[in-house]
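The values are calculated or read from the model by the stated rules, or taken from the named source; none is laboratory data. Predicted, not measured: the structure shown is a model, and the values here were computed from it. Cβ placement follows ideal geometry from the backbone for every residue including glycine, while neighbour counts extend to all protein chains displayed.
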């Protein structure tokens, strides 16, 4: 979504009349209308009351089912995740933009961020009228863990408006994703026409026919089988020799890219970390995350966009964890946000563990690069001697 | 040349492909000589006077008093996927060439559905996904045809490569028009025009393959 384009949210403009009343009250209590979160004009705000967050709900739960939602909220009340009654200290501002929904607690002259949920992590939003209490429930999370954000609205109109605006947001995100898909496809075929390895459909069965999207039936992108779909999209390649050479070529191409941006020491560290990630011996989730964190630190902020290119070379069993890690760092995967793009196939469909070339191929390429760089280094000699070189 | 002129030339060429072509093909069954003479005449005149076929058909529609009853651009797009005359079919029977025929027909068919689906956002987005897939398949098929061209025949290879590049250029324009449309849904006409260009480019690929390989 970082590279996506934002299509006009004009249809949502009608709500600004409602919002302006709120802004007036914000003004009257001295709130700033230009806080760091409100730089973008394309967002909308709504008055709500924050009830609570129910954590660790079942991923497959259908929150368009009224009974299910109320059951979860009742359980949340019993577990004290949701208070039985709420007061004015629950007054909040819900802000909706193309990037996220954001909930801020309003407390006289201050606004405190309660939670921020990226759009691609939202599975569904629903409105339930429970004997005059207008409940807005937002299911969000990832395939492994979902939570339910519970809000109260003062009127059905507001609750319905929020649902409608979020649905529109999903549609805009999905529209952007589809157009991006078309552009990426054209970009890929253009590349294949200029002589880069052309991967024809005999050796790499990338198909756009397998796409399915449930993102717009009742504002509910399908998170529950995203993980399976992702796995499915990764296990398509055949095992013939030409495909192996193509995969090795892809790996070399990625490493060449790194070589232009990393120092020799960094490349050596990269090699060590990649070996650790692809080590098939059992280890804890915490240890794996620690390695991912080291890789992330190695790439740094300026090169973190290259991390997504590492996906095809990650050991199959660690791939899902790596993907989640990237998404938590806000790194866009090819054609991927969770709710709208997750069903699109990735560019590459095999992991290193599927490749016959295996870790030894990475090692040999990295060694080759390191050796070349070391040779260049020794040829250059002491850089300081150049400083006095006559011009 | 103004934008209006270039669109008129496009319409003229589309009219030759999707209106006159199929009509003349039906005429061929009754009078081969007349049909072939007319076909040659239309092609020659339109090459000499670009846009002639458009003026001709407009004149016929005016005479029938239906020229203002429908949108020509949209209609040509609808026809673009439904009509396929012999002139646009590659006769070589090898799988590579027949696959190209199939992929070209498939893309044109999907593009021709745009007018009826463009106002249903969900359906239209699904169509765009299909278009992306069809474009990829078409160009993969073209690559396979190019691979079959004898190595010694560099001229033909280059002509086909150029034709492919042109197609990619118009694909990008189509993608840009879609973005404009999603910003402003009044831009549907631009989408129809760019889709027509894509159909025309597809037909051009078929003609070029026929010319170079058959």
Open item on the list: Quick check on region A:55-77: of everything there that is more than 20 Å from residue A:129 (Cα to Cα) and exposed (fewer than 15 other Cβ atoms within 10 Å of the Cβ), which residue is modelled with the highest pLDDT?
Closed with: A:55
Open item on the list: Among the numbered criteria (1) at pLDDT 95 or above; (2) in contact with a helix residue (DSSP H, G or I) (Cβ under 8 Å, 6 or more places away or on another chain), which one does residue A:151 miss?
Closed with: (2)
Open item on the list: Take the residues in region B:91-100 that are surrounded by fewer than 21 Cβ atoms within 10 Å (Cβ to Cβ) and in contact with a helix residue (DSSP H, G or I) (Cβ under 8 Å, 6 or more places away or on another chain); name whichever of them is nearest to residue B:160 (Cα to Cα).
Closed with: B:96
Task: Verdict on residue A:189 being part of a helix (DSSP H, G or I), under 21 Å from the mean Cα position of the chain (by Cα), at the interface with chain B (Cβ under 10 Å from one of its Cβ atoms) and closer than 30 Å to residue B:166 by Cα - done: no
Task: For residue B:147: the one exception among (1) in a loop (DSSP other than H, G, I, E, B); (2) out of contact with any helix residue (DSSP H, G or I) (no Cβ under 6 Å at 6 or more places or on another chain) - done: (1)
Open item on the list: For region B:144-166, which positions are facing chain A (nearest Cβ under 8 Å) and closer than 11 Å to residue B:97 by Cα?
Closed with: B:144
TODO: Could you check how many residues of region A:120-144 are exposed (fewer than 13 other Cβ atoms within 10 Å of the Cβ) and part of a loop (DSSP other than H, G, I, E, B)?
DONE: 3
Open item on the list: Looking only at region B:101-143, filter to residues that are away from chain A (no Cβ under 13 Å) and outside any helix (DSSP H, G or I); which one of those is surrounded by the fewest Cβ atoms within 10 Å (Cβ to Cβ)?
Closed with: B:119
Task: Extreme residue, farthest from residue A:285 (Cα to Cα), among residues of region A:324-338 that are at pLDDT 80 or above and buried (at least 17 other Cβ atoms within 10 Å of the Cβ) - done: A:326
